[in-house]
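Below you'll find the structure, written out as structure tokens, and then a few comments.
Bear in mind these aren't lab numbers, they're just calculated from the coordinates by the rules spelled out. Treat the numbers as computed from the prediction; the structure is a model and nothing was measured. Cβ placement follows ideal geometry from the backbone for every residue including glycine, while neighbour counts extend to all protein chains displayed.
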Amino acid sequence: MVVVDREPQWHSRAIIYLWQMGHKQWQWGGAITASKMKTCTRDQVIQMLPDSDEELDSLNECDSDWTSLDSSEEEEFEERLDRVPDLVSSEAPVTAPVPSPLQSPPPPGWRSKPAALADRWHDGSEEDVCPPQFPFCPERMPGPQLDFQKSYSPLEIFKLYFTPDVLQTLCTNTNKYAARKLAQGAKSLWPEVRLWTDVAPDEMLNYLSLVVYLGLVQVSPASDLWSKDSLFGFPFPASVMPGDRYEAITTYLHMSDPAADEVNDKLSGQPGYDGIFRVKPLLDDLVASCRAHYHPYQNLVIDQRLVATKARGQKQEIERTQYSNRGYKLFVLVDQSGYTCDFSAYEGMAESPSGNGLSFDAVVGLLKVPHLGTGYHVFMDNYYTSSQLFSHLHQLRIGACGTVWPDRVGFPRIAENDLSEAAARGDMRWVRDGPLLYVKWMDIRDVTMCSTIHKAYGGESMERRVRDGKTWTKRVFPLPDPVKEYDECMGAWVDVSDALAKYFSEGPRTNQWYTRLFLHFVDIVVVNSFVLAKDMAEAKKETPLNMESFRMALCEQLAEVGKEQAYNSSSEEDDGEEQAYNSSEEDDGEEQAYSSSEEDAGGATASLPPQPESHYNEPLQCLPLLICESQASRRCVLCNRRAIWKCEACDVPLCIIRGRVCYSLWHGAKA
């Protein structure tokens, strides 16, 4: 019999025995654990112990039959190789488990991760193995989702985003907001503004024509477009709509239902409040159209844009940049061609829904795998890059690459063979933690990267100009693979973004933050329309329009919308005038013939109508003359389209714009 005569001995023996039997799933109210052992009395433990040493040996022999059923974790547990101590001695001090050198100390409440095996940084001479790549499997064929057998004008592509339903919703909410403001006694910014009349979808397209036009001329304020000063001679805006009408539409422009706005405003500071409710209807419609009409290629870029505004809203993201120190932040998913595939507005949430941070939720919200597919490569800057995000994207079968802050949670905390501040240009260090590759590389300053789609170094190099004394020479430096592809992808996007940014419309000066976002939405649609038109032309092996020419054509076509009926109604009058003009020419010919016959007969000469003369009493010459700066244009005598110029001597309207040189054709045929 086992005699328990001293307190420490029976307690220690009981604990050791029960721990040995606990992992064999002996049932005593469930698996025996140390926590249950603490609640056992002395008599209960004695009853559980074997009655003799022979019984103990027989139990051990039975236990040997179960050895093959033990898992690797159970074997580690039995052999005392598990990472967490099984039993804490009352005499030994309590110590916390040593964290992994690749893992930062986790925030409170986070579960600890298994320790990594790497213990030092590797240099470029050590070979790295490229991780397995996910095959590129998009849900649709990348590129424009249009009919390539059909030709699309800039206006037709633009209407793919501003559909009739979108325009009708925009007009309805604008009319409701104007009626509500006028009922409250609101006054327009211009004292001479006419009484408000409801805006129609065709007139809204004319208004958008002027918004796009502001990206070409960029005057401030916008009222200078209608100025009669000789320094501001812009005939196009006056031919589209009067300046006071443009100002009125800008003042009352609204994208959401005003009644629903009041309900949302009452929830300010509460969980149900939506900080971007006033732009949500248009934003949702445009995002759906951006996804529907184009499918991105493999390389994507996550970027952020700041829409400058002077508003001081509660749900505003304030960030200092080189352009503005106050504005609303947009997160965008961009293809390398410059097409905005998806975008979202920062709603000012204090805490992210997932608990992983704003940058994590922004990226995951833009990368919708059921819509995109798998195998994409996403590039981003250090605002978004984190080990947790890249691991999550890897589980979604999406590769990622980006710059990363060295003090970010999850970045390796390894001191051995680390890249020093005095490292030479071109030196690199790398370490791998499963699919995650961390790279440090010294250029002018140190560059830190994280990637799941590259190996550390594949033999690539770059050429840089360095100063050697008083002379500049070119030297070749090794270039890590993540840095090389990141520069190519992000550099291409930055070049496209900078090329298109100069055409972004500043728009009218307004304190309404949602109006500023509306103008930026229009710019996104114009750029996406340009990319679609460019890809369609290249697919047909045609020469595409550049950005400036595309905007010019779009302005003209938007301005012509809604005037076709007016043209048809006025065509009969123009035909009547033309017939009268022709008949008057015949009468003049008869009169000249009659007067010449009288002269031959020696009679009195009939007086002819006086010829038009200029201010200098000289005969008029064939020179272009502006028809009117504030009235509608007339129909060209050659192409039958609207023209704002006429010949001073011939007194006929003729086109003098890019692509329509009716003025030269008219006088060439006349000569």
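As a rough footprinting exposure proxy, the listed residues R464, R516 were ranked by other beta carbons within 10 Å of their own, and the order from fewest upward is R464, R516.
Neighbour counting of Cβ atoms within 10 Å sorts the residues V466, V431, V561, V217, fewest neighbours leading, into V466, V217, V561, V431. As a length-normalised measure over Cα pairs under 8 Å and 6 or more apart, the relative contact order of segment 198-270 settles at 24 percent.
Extending 7 Å from Cα along the Cβ direction at C137 and again at D198 yields two label points whose distance is 5.2 nm. Computed from the C-beta positions of A424 and S549 and an R0 of 60 Å, the FRET efficiency is 0.75 to the nearest 0.05. Centre-to-centre, using Cα atoms only, segment 193-248 and segment 383-423 are separated by 51 Å. Full extension of the segment from L625 to W405, taken as 0.36 nm per residue of separation minus the current Cα-Cα distance, would add 72.9 nm. For the peptides 273-284, 520-531, residues were scored by their other Cβ atoms within 10 Å and the scores averaged per peptide; the highest-first order is 520-531, 273-284. Peptide packing for 124-133, 246-255 was compared via the average number of neighbouring C-beta atoms within 10 Å per residue; ordered from the highest value, the list is 246-255, 124-133.
Each Lys or Arg adds one and each Asp or Glu takes one away; over the other residues whose Cβ falls under 13 Å from the Cβ of S125, this sums to -4. Against the empirical 2.2 N^0.38 Å (N residues), segment 258-556 has a Cα radius of gyration ratio of 1.13. Grab the beta carbon distance between E416 and T172, set R0 = 60 Å, and tell me the FRET efficiency rounded to 0.05. So the FRET efficiency works out to roughly 0.35.
Each of the peptides 390-401, 195-206 was scored by the mean count of other Cβ atoms within 10 Å over its residues; in descending order, highest first, they stand as 390-401, 195-206.
Full extension of the segment from R641 to R397, taken as 0.36 nm per residue of separation minus the current Cα-Cα distance, would add 82.4 nm. Label separation (D487 vs L231): 4.6 nm, computed from points 7 Å beyond Cα along the C-beta direction.
Based on C-alpha pairs under 8 angstrom that are at least 6 apart in sequence, segment 395-454 has a relative contact order of 39 percent.
The distance between label points at K540 and D123 comes to 5.9 nm (points 7 Å beyond Cα on the Cα→Cβ vector).
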